[in-house]
Amino acid sequence: MQDFFLYRIKDLDAVLKAHKNGEFGLPNNSYILMGHSLGALIALLYEGNKPTDQLEDKCDSALKDFALTNLSKLLQCQLSEIPFPKKNNSNKASAIIGFNSFGSLVWPKENSTGIKTPTLLIGGTYDLITPLMNEQFRVFSALNNPSNRFLIIEGASHFSPIRINKSYEENNDVFKINETFIGSEPILVQDLSKKFIVEFLKNIKDQKIPSVIKKQRDLGLDFHLLDLETIKEISKN
């Protein structure tokens, strides 16, 4: 299980070092990290504080409940066994985009990730793997930048970002997921996400604070684009 995480972090590190060394022929060494679920966790681990010794204690408490409703905790608790490098990377991402993120046991307190990079998290109300309220909102609270936003798409699930190809009679998708678990209109969820990702990155580039949007509808989907203060208010209710 150690390799499961470490290989991904080493792969990411190798790509970014190649970018920094000019191997991709790009004009600067800036970068943006984007990931879904485990990919989002890897991005946050790469940019932020590594798990502390307290993680094992938190896992002992979290896993005592056999009625586990947050499956991501099983993965998070594997991190206590991994020898992460103590020194964080010196270069920092220009922005982070995370779909269906998790890491509430790793970073249980406000601002505990140590990440000050502008971050957009995206999640759906139908996510049964990394629940919106008791997992993704907590990760969002552990980040620290006034430009951070959380895009909530009503009816979207943990698997909505995955493109299901219906053009083949035989399903050749990497993820063999029953369509009933995908949630509402995954293609529209992806299109709406793309729209807000582009807008978020433009705001960051122009050094503008993104607007807060509540109870809006676009592409046939209800959505909200919220800041930390609003997320805290929702979490209290």
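Looking only at segment 99-145, filter to residues that are of a type in the set (D, E, K, R) and over 12 Å from Leu71 (Cα atoms); which one of those is surrounded by the fewest Cβ atoms within 10 Å (Cβ to Cβ)? First the steps, then the outcome.
Going residue by residue through segment 99-145, those that are of a type in the set (D, E, K, R) are 109-110, 116, 127, 135, 138.
Next, from what is left, pick out any that are over 12 Å from Leu71 (Cα atoms): 109-110, 116, 138.
On the way: Lys109: 9, Glu110: 14, Lys116: 14, Arg138: 22.
This residue is Lys109.
Conditions (1) β-branched (Val, Ile, Thr); (2) modelled with pLDDT under 95, marked per residue:
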position	(1), (2)
Phe102	no, no
Gly123	no, no
Ile129	yes, yes
Gln136	no, no
Ser147	no, no
Ile152	yes, no
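Where residues in segment 123-141 are out of contact with any Gly (no Cβ under 9 Å at 6 or more places or on another chain) and polar (S, T, N, Q), which of them is nearest to Cys77 (Cα to Cα)?
The residue in question is Asn134.
For segment 7-54, which positions are part of a helix (DSSP H, G or I) and of a type in the set (Lys, Arg)?
Selection gives Arg8, Lys10, Lys17, Lys20.
Could we say that Lys166 is charged (D, E, K, R), closer than 30 Å to Asp57 by Cβ and either over 14 Å from the mean Cα position of the chain (by Cα) or modelled with pLDDT of 90 or more (or both) here?
In short, no.
If a residue must be outside any helix (DSSP H, G or I) and either basic (Lys, Arg) or out of contact with any helix residue (DSSP H, G or I) (no Cβ under 8 Å at 6 or more places or on another chain) (or both), how many such residues does segment 192-223 contain?
10
Determine if segment 41-58 includes at least one residue that is under 30 Å from Glu199 (Cβ atoms), surrounded by fewer than 20 Cβ atoms within 10 Å (Cβ to Cβ) and among the small types (Gly, Ala, Ser).
No; the residues of segment 41-58 include none that is under 30 Å from Glu199 (Cβ atoms), surrounded by fewer than 20 Cβ atoms within 10 Å (Cβ to Cβ) and among the small types (Gly, Ala, Ser).
Condition first: surrounded by 16 or more Cβ atoms within 10 Å (Cβ to Cβ), in a helix (DSSP H, G or I), over 16 Å from the mean Cα position of the chain (by Cα) and not acidic (Asp, Glu). Can you find one or more residues in segment 80-98 that meet it?
yes
For the subset of segment 169-181 comprising residues that are of a type in the set (S, T, N, Q) and either surrounded by fewer than 12 Cβ atoms within 10 Å (Cβ to Cβ) or not in a loop (DSSP other than H, G, I, E, B) (or both), which member is modelled with the lowest pLDDT?
Within segment 169-181, the match that is modelled with the lowest pLDDT is Asn172.
Exactly one condition in (1) at pLDDT 90 or above; (2) in a helix (DSSP H, G or I) is not met by Phe4; state its number.
It is condition (1) that Phe4 fails.
Could you check segment 126-147 and list, in sequence order, the residues that are assigned to a loop (DSSP other than H, G, I, E, B) and touching a Leu at 6+ places or on another chain (Cβ under 6 Å)?
Matches in segment 126-147: Ile129 only.
Within segment 188-204, can you find the residues that are farther than 13 Å from Ile153 by Cα and of a type in the set (Val, Ile, Thr)?
Ile197, Val198, Ile204
The values are calculated or read from the model by the stated rules, or taken from the named source; none is laboratory data. Computed from a prediction, not measured in an experiment: that's the story for all the values here. Glycine also receives a Cβ, built like all others from the backbone with ideal geometry; neighbour counts cover every protein chain displayed.
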